[in-house]
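The values are calculated or read from the model by the stated rules, or taken from the named source; none is laboratory data. What you see is a predicted model, and the numbers here were worked out from it, not measured in a lab. Methodologically, a virtual Cβ is constructed for each residue, glycine included, from the backbone with ideal geometry; neighbour enumeration extends over all protein chains shown.
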There are 2 protein chains.
Amino acid sequence: MKPTKVTNSIRALRFAHGEMKQADLASAIGVTRQTLIAIEQGKYSPSLEVAFKIARVFAVPLEDVFQYPEEDL
Amino acid sequence: MKPTKVTNSIRALRFAHGEMKQADLASAIGVTRQTLIAIEQGKYSPSLEVAFKIARVFAVPLEDVFQYPEEDL
DNA sequence: TCCTGATGTCAAAGAAACCTGACATCGCCA
DNA sequence: TGGCGATGTCAGGTTTCTTTGACATCAGGA
């Protein structure tokens with residue numbers, strides 16, 4: 001798979017949200033634990049729907065969860 | 001394919017950006033014309049990377065381009 | 001009229017995201 | 001020591017997104 005350029009702050013947000021476990025977040029947004037791990041580690045960038053759901057769980061704007069680098073394109 | 005819950009304002013943004021053509025926007029963000037048409041029409045929601053690229057072309061926050069409904073999840 | 005540009009549609013194939021299920025490591029604590 | 005919870009990994013499949021290529025419609029201008 002293609003190494004994604006998108007970075008994220010999921011891990012920090014999880015801890016800031018009461019030591020929320022990966023499994024809890026995963027089921028909260030409706031994906032599997034493995035999928036969440038992959039996203040959190042930047043293995044690939046999620047779909048827009050999943051991205052929105054994560055932001056909503058933490059009640060922050062999407063750009064607070066995912067960052068896209070300035071350059072390229 | 002699954003009807004996406006995500007809506008977008010791409011068409012309006014295109015016109016607000018000097019009557020920008022679909023083909024021009026497509027090549028600007030690095031996808032094909034057909035892909036842009038499908039996204040613009042809400043046939044499916046794009047990847048997070050593509051979403052970010054579109055927002056960057058129009059120089060607006062991602063949430064100004066794509067909207068996710070309140071309810072569900 | 002005929003041509004061209006902009007938009008849209010369809011099918012088939014490939015790539016990326018997501019799933020299931022199994023297993024492995026690490027830290028903690030009874 | 002032995003078990004358990006949290007995290008991470010891998011293989012293999014399914015679904016969704018994206019591409020390629022061909023074609024269809026419509027409006028406007030030469």
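Within region B:12-58, the only residue that satisfies the criterion of being hydroxyl-bearing (Ser, Thr, Tyr) and buried (at least 20 other Cβ atoms within 10 Å of the Cβ) is B:SER45. The condition (being more than 24 Å from B:VAL60 (Cβ to Cβ) and under 10 Å from the mean Cα position of the chain (by Cα)) is satisfied by just one residue among A:ARG33, A:ARG11: A:ARG11. Quick one: would you say A:LYS5 is at pLDDT below 95, out of contact with any Lys or Arg (no Cβ under 7 Å at 6 or more places or on another chain) and surrounded by fewer than 18 Cβ atoms within 10 Å (Cβ to Cβ)? So A:LYS5 fits the description; yes.
Taking the listed residues A:VAL57, A:VAL50, the one that is within 13 Å of DNA strand C (Cβ to nearest atom), modelled with pLDDT of 95 or more and outside any loop (DSSP other than H, G, I, E, B) is A:VAL50, with no other qualifying.
Hey, among B:GLU40, B:GLU70, which residue is within 10 Å of the chain's Cα centre (by Cα) and either modelled with pLDDT under 95 or more than 24 Å from A:ASN8 (Cβ to Cβ) (or both)? Of B:GLU40, B:GLU70, the one residue that is within 10 Å of the chain's Cα centre (by Cα) and either modelled with pLDDT under 95 or more than 24 Å from A:ASN8 (Cβ to Cβ) (or both) is B:GLU40.
Take the residues of region A:26-42 that are among the aliphatic types (A, V, I, L, M) and out of contact with any Lys or Arg (no Cβ under 7 Å at 6 or more places or on another chain): which is farthest from DNA strand C (Cβ to nearest atom)? Selected residue: A:ALA28.
Counting only residues that are within 20 Å of B:GLN67 (Cβ to Cβ) and not in a helix (DSSP H, G or I), region B:10-19 holds 1 of them.
Checking the structure you have, find out if any residue of region B:6-15 is within 11 Å of chain A (Cβ to nearest Cβ) and touching a helix residue (DSSP H, G or I) at 6+ places or on another chain (Cβ under 7 Å). Yes: one or more hits.
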